[in-house]
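Visitor: Right, I'll just put the structure down here and ask away after.
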Amino acid sequence: MLLSFLAVMALAILRLRNLLAVVMLSGIYSLLSAGLFVTLDAVDVAFTEAAVGGGIATLLMLATLALTTDEEKRPAERLRIAPLLVVLATGALLIYGTLDMPSYGDPQAPIHRHVAPRYIAEAQSETSVPNVVTAVLASYRGYDTMGELAVIFTAGIGVMLLLGRARKRRDD
Amino acid sequence: MEVFGLYNYWIVIVLMMTGFYVVISRGNLIKKIVGLNIFQTSMFILYISMGKVRGGTAPIIVEGLACPEGAVCYSNPLPHVLILTAIVVGVATTALGLALIVRIKEAYGTVEEDEIQSQEVET
């Protein structure tokens, strides 16, 4: 049900030309997907998606709209057919690919047979953190999280360089 | 149940292709970033759907949870960890893209791809 809502939202974003409405819809889209993550047992992901995807990303986009424009021009008509064909072909291939996927919620799927049972069985005694997601994120895969911080740091420096220079030039 | 067993994945593909279509067919750069975000969220849903176990609960260990021997009671925590990282990195890249758009607007006075291209051809 939520999934169908998401699809409707994405199509609305595709159709709309007012960018303010598009940004608002993408915020709602993030919030809906956060709700979906709760029903899929991923509560940590839902928190993050609601706060970061629904909050910060929407805020950043609104700020960009304030600095640029909030109306989209009509796209040129000739551009339309080729992208649609590419998208349909890719989608058909991907659907063909899902036919080999294990059924939704199947406890015997290969993804549940490898390291996950070990994490669930040992995480509490090894890290004394009851939330397995936190234990894996901060303890077992701590280096990955450090790499993630490096990415955020780089992005932050990039944004500062791009926008800081622009502001200085405007002062001249 | 078997008929709907792949429903999640199909919706994910529809969302993914919608985002992809926005990215390759729309000339407005902000719209492209929104399209990328749709694409990205569909990817998250794909991973989280794979981690779900029927009858399972969130992977937070509860003492004395009635769990039959040999059954899987918690959903898979690994996709959750991956996607937590991906969400944060996604916002970082979105911020960088939006900053680039602001700079492009200042340099060219427009955020439409074809107008930028025609200005490039003129110079």
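The values are calculated or read from the model by the stated rules, or taken from the named source; none is laboratory data. Since the structure is predicted, the reported quantities are computational estimates derived from the model, not experimental observations. Ideal geometry is used to build each Cβ from the backbone, glycine not excepted, and the neighbour counts take in all protein chains shown.
Visitor: Condition check: among the hydroxyl-bearing types (Ser, Thr, Tyr), assigned to a helix (DSSP H, G or I) and at pLDDT below 85. Does B:Tyr47 satisfy that?
Guide: No.
For (1) closer than 30 Å to B:Glu115 by Cα; (2) β-branched (Val, Ile, Thr); (3) out of contact with any Pro (no Cβ under 9 Å at 6 or more places or on another chain); (4) at pLDDT below 85, each residue gets a yes or a no:
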| position | (1), (2), (3), (4) |
| --- | --- |
| A:Ala10 | yes, no, yes, yes |
| A:Met24 | yes, no, yes, no |
| A:Phe37 | no, no, yes, no |
| A:Thr58 | yes, yes, yes, no |
| A:Leu79 | yes, no, yes, yes |
